[in-house]
Every structure is written in structure tokens, then in C-alpha cells.
């Protein structure tokens, strides 16, 4: 068992790789009442074209299959995993993103039993043709719910406008048509390919005894047999540089219109350290521009262009990255023009060194504060782990950023790569 320390945070992270390839990380938090476990696999909605385990040819599976599989994993031969967690006094849940699927629990007691249950239900699959068919109706209802959600339609529509071929433009849950194509055999094929321990990570944080917990995990894994580890071959998408659509307007039952200006970033960095530096630098820049204390935020607020829903976010994962800026507004076209004008003039933006230092300290403080929340720690750890980083890397990298790192972002801002998605009233 290895120990990874952070002097800044005064935290110790314990790591061990099991014989089957599973990576286990434990972060003890003495005195905390809650323990949080998160079991993640590098399998998300974009993983629709790959070579299945023990095969040689690439296949294309239906859109939404990672999300569908997440739903089915809770069903066990002798009951439902959620009921078993409830019997232990624990809560459980799961989520699927574009790049990963995660299963989790939080509890204030029976920590070892909860960890073993988490491992057991995710590391076994129980499917029947009947239960798969039944699940389709449940997922189709979920798809319908998101289709009726103006915020989701605006958010996801702004992403779809940017990409022509990349599967990031596909809704995580798929469509009613693609869900209808999912069957037991395809689900099992995805499970055996992506749910191998070598493609997964277990993270537990809370009031745990490290030695006792790691031993319980070792013993649990030693009792199980898995297929031989193999490298997963995913399709490398050749995404065109241009965006797909410049503008789109969707009419829905909304009182106040919504607008998001999105911007595609084609310069995908290979070096993981540089990728992290870019992401953290972009977060600082967006804070400098749009934090509630910024002059621009105050100006747009006084002009009635924005309200508390306004936000700006940068997304960077695997082989795609993009920027989204917007919110609810009674003047969507005017706000769009302001945002695009800002993007066009970004090359002339002057960085105030005092403001930079202030915002940097603020972001370091936010990261430190996360370590007071087991749930926040676990989710942040999972998010960056599959990007090749340990959570301590964020503090170390952020503390070393300089105004020049913000300057280096300016060439990424290109008006030709921007798109606007507006949701307005019928």
C-alpha cells in the first residue's frame, strides 16, 4: 500500500492496485460521521464504437447504452442493491456522464459491509430479456422528461450545435429509437468489455480504518474471478474543425427565454499536465470575467441582460473541449451579441495582476473547502482520476498559475467557432 501526502491540505491518500488491476484509493477523515464510496468505470455515453472483449472487429452499439446499463446494474439475483443498502442504513445512487459511469453510497455506519456490497453488485451482472424490455419504458419516460426540460434542451442543444461527428453530441440517455435497439446480449458485451477491474477505480473517503478497509477489499477481490485484462480499443473520432450549426432557436413553454453561446475548442492538448493547467486557467479567466464582483457582471446585470441564472463554464474531457456562456434573459439576442463581442475582443483583454491574485486565492480556497465534504471529495476525485490526475494535483497546479497562463488562452477564443442556442416562448 502506497501513501500519497499533501502538505498543503495536510491530507494522506492511501493507494493499492489489486491483483486483478482494480485501483483502490482511501482517504481517511477522522472525526467525520459520514463515509462515501464511489466505484467508477471509464465507460460513458461517448463509448459507442469499440472492439468488444475477445473479439477483433469494432462494433457500434446503440446510443444511451452506458446509461441503460447503469440502470440495470442494481438488479441482483437475490434482490435489489438499493434495498440492501437501505437495510444497512445507507443511501446509494449512480450516474452516467459522457466519459464515465459511477456507483456510490454514503453511510454513517456499516462502512465495510457497504463497501463489500458496492463491489459485489457492480462486479456481477444479472439480466433477463424480460427485465431489459421493462427497463426501456422507464428510460423512455426519463428521456421524455428531459425533452420537456427547457434548461436541458438549451444546455445540450448548445453542445449539439458545435459537433458534427463526435458522440458528445448524443444525449447521454440516447433516444426512444436507440433505446428500443438495446438487448440483453449487447448489454452483457458492454459490461464484460468496460467493467473489468483494470478499467475501474474505487474511492472511499470518511471515518475509516485504512488497514481494515484495504484488507476487506483485498479479501473481497481475491474471492472473485475475472476475464484476463485486455486493452480496450475505442474508435478515434475524426471531428471536423468547423462547428455544425451557427444558430438555433427552439420554441417551448417558457416565461423567460434562455440563451447559451457555446464555443468549440479544437486545440486538444495531449500532455495531461498542460491539459490541467489549461482547465484551471480557463476557470480563473471565467471568474475574472463573470464573477458577481466583476465589472462586466455588474454592467450586464444593471442593463437587465442577465440574472442569477447566468453562468460560464469550460468543459474539457478526453478528446473534446468547449465553453458555454449564458442564462435566462428577456433579451437573448442582445446578450448573445454582448458575449460574441467579448469573444472577438478577448485578444485585447488586459489582466489586472491584483485581480488575478485575488481570484486565484479564491479558487484555492474553494478547493480546500471541498475537503470538508466527503461527497465533494469523491466526485472531484473521480472526475480528475480518469484524466490522469490525483485530486492533490489540482491545488499544486492552481498555486503555480501565473497571468501568462491566462494570456496563453486568448488564441482559443474564435468567433467562427461560436454557436448560439436560444429557447424562447411559443
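The values are calculated or read from the model by the stated rules, or taken from the named source; none is laboratory data. A quick note: this is a predicted structure, and the numbers were derived from the prediction, not measured. No Cβ is skipped: glycine too gets one built from the backbone with ideal geometry, and neighbour counts run over all protein chains shown.
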Residue check for residue 135: over 18 Å from residue 381 (Cβ atoms) and outside any helix (DSSP H, G or I): no
Exclusive hit being over 26 Å from residue 260 (Cα atoms) and touching a strand residue (DSSP E or B) at 6+ places or on another chain (Cβ under 7 Å), set 374, 332: 374
Residue match in the stretch 179-186 (condition: in contact with a helix residue (DSSP H, G or I) (Cβ under 8 Å, 6 or more places away or on another chain), surrounded by 18 or more Cβ atoms within 10 Å (Cβ to Cβ) and farther than 22 Å from residue 233 by Cβ): yes
Leading residue by the ranking (surrounded by the fewest Cβ atoms within 10 Å (Cβ to Cβ)) among those in the stretch 106-125 that are more than 20 Å from residue 386 (Cα to Cα) and in contact with a helix residue (DSSP H, G or I) (Cβ under 6 Å, 6 or more places away or on another chain): 116
The lone exception for residue 231 - which of (1) farther than 16 Å from residue 120 by Cα; (2) touching a residue at least 12 places away in the same chain (Cβ under 8 Å) it fails: (2)
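Rundown of residues vs (1) farther than 18 Å from residue 63 by Cα; (2) in contact (Cβ under 8 Å) with a residue 60 or more places away in the chain, yes/no style:
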| residue | (1), (2) |
| --- | --- |
| 153 | no, yes |
| 166 | no, yes |
| 169 | no, yes |
| 184 | no, no |
| 220 | yes, yes |
Helices (runs of 4 or more DSSP H) wholly inside the stretch 307-426 that include at least 3 residues being within 19 Å of residue 295 (Cβ to Cβ) and in contact (Cβ under 8 Å) with a residue 60 or more places away in the chain: 332-344, 353-370
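A quick yes/no check of all residues on (1) buried (at least 17 other Cβ atoms within 10 Å of the Cβ); (2) assigned by TED's automatic domain parsing to the domain that holds residue 417; (3) in contact with a helix residue (DSSP H, G or I) (Cβ under 6 Å, 6 or more places away or on another chain); (4) at pLDDT 95 or above:
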position	(1), (2), (3), (4)
310	yes, yes, no, yes
327	yes, yes, no, yes
336	yes, yes, no, yes
347	no, yes, yes, no
379	yes, yes, no, no
390	no, yes, no, no
Residue ID - surrounded by the fewest Cβ atoms within 10 Å (Cβ to Cβ), chosen from residues in the stretch 187-208 that are touching a helix residue (DSSP H, G or I) at 6+ places or on another chain (Cβ under 9 Å) and part of a loop (DSSP other than H, G, I, E, B): 207
Breaking point among (1) closer than 30 Å to residue 325 by Cα; (2) touching a residue at least 24 places away in the same chain (Cβ under 8 Å); (3) within 19 Å of the chain's Cα centre (by Cα), for residue 200: (1)
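Okay, residues lined up against (1) over 23 Å from residue 60 (Cα atoms); (2) touching a strand residue (DSSP E or B) at 6+ places or on another chain (Cβ under 6 Å); (3) surrounded by 15 or more Cβ atoms within 10 Å (Cβ to Cβ):
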{"position": "231", "(1), (2), (3)": "no, no, no"}
{"position": "238", "(1), (2), (3)": "no, no, no"}
{"position": "246", "(1), (2), (3)": "yes, yes, no"}
{"position": "252", "(1), (2), (3)": "yes, yes, yes"}
{"position": "255", "(1), (2), (3)": "yes, no, no"}
{"position": "263", "(1), (2), (3)": "yes, yes, yes"}
{"position": "268", "(1), (2), (3)": "yes, no, no"}
{"position": "271", "(1), (2), (3)": "yes, no, no"}
Strands (runs of 3 or more DSSP E) (entirely within the stretch 11-104) containing at least 2 residues that are touching a residue at least 40 places away in the same chain (Cβ under 8 Å) and surrounded by fewer than 21 Cβ atoms within 10 Å (Cβ to Cβ): 11-17, 23-28
When residues of the stretch 237-266 are limited to those that are outside any strand (DSSP E or B) and within 20 Å of the chain's Cα centre (by Cα), the one nearest to residue 322 (Cα to Cα): 265
